1. Checking the structure you have, find out if any residue of segment 23-42 is in a helix (DSSP H, G or I), modelled with pLDDT under 95 and among the acidic types (Asp, Glu).
2. How many of the residues making up segment 1-59 are open to solvent by less than 50 Å² (accessible area, probe 1.4 Å), of a type in the set (Gly, Ala, Ser) and within 21 Å of residue 77 (Cβ to Cβ)?
3. Report every pair of residues separated by at least 6 positions or lying on different chains whose Cβ atoms are under 7 Å apart, first residue within segment 35-58 and free of Cβ contacts under 8 Å to residues at least 24 places away in the same chain, second part of a helix (DSSP H, G or I) and open to solvent by 60 Å² or more (accessible area, probe 1.4 Å).
Amino acid sequence: MADEQVHDRINELAHEEHALWEREAHGGLSPAEQERLRELGVQLDQCWDLLHQRRARRNAGQNPDDATVRDERTVEGYKG
C-alpha cells in the first residue's frame, strides 16, 4: 500500500470515527457502534504505524513496500 493509499484510508476511518463521536454526543451509541468505534481506533493506529514504518524504511534506504501492518496488540501496546 502506497503512502497516498494509507493517507486515504486514514481519512476514511477518521471520517467514520468522527461521525460516531458526533452520534455519541447526541444520544449515545449502541453496543455494536461502541465496538465499531473501538475498532476504528485500532485501525487508525495501525495505519499511522504503517505510515511511520514506510517513512522510516525510506529514510534508511530500504524498500517502504516491505513495511507490514502490525497486529492490534503491538500497536496498542506502545508506551508514549
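1. The answer is yes, given that some residue of segment 23-42 is in a helix (DSSP H, G or I), modelled with pLDDT under 95 and among the acidic types (Asp, Glu).
2. 1
3. Pairs found: 57/66.
The values are calculated or read from the model by the stated rules, or taken from the named source; none is laboratory data. All of these numbers come straight from a predicted model, not from anything done at the bench. Every residue, glycine as well, gets a Cβ built from its backbone with ideal geometry; the counts of neighbours run over all protein chains shown. Just so you know, the surface numbers come from the protein's heavy atoms only, side chains and all, with ligands and any DNA or RNA stripped out. Shrake-Rupley method; radii C 1.70, N 1.55, O 1.52, S 1.80 Å.
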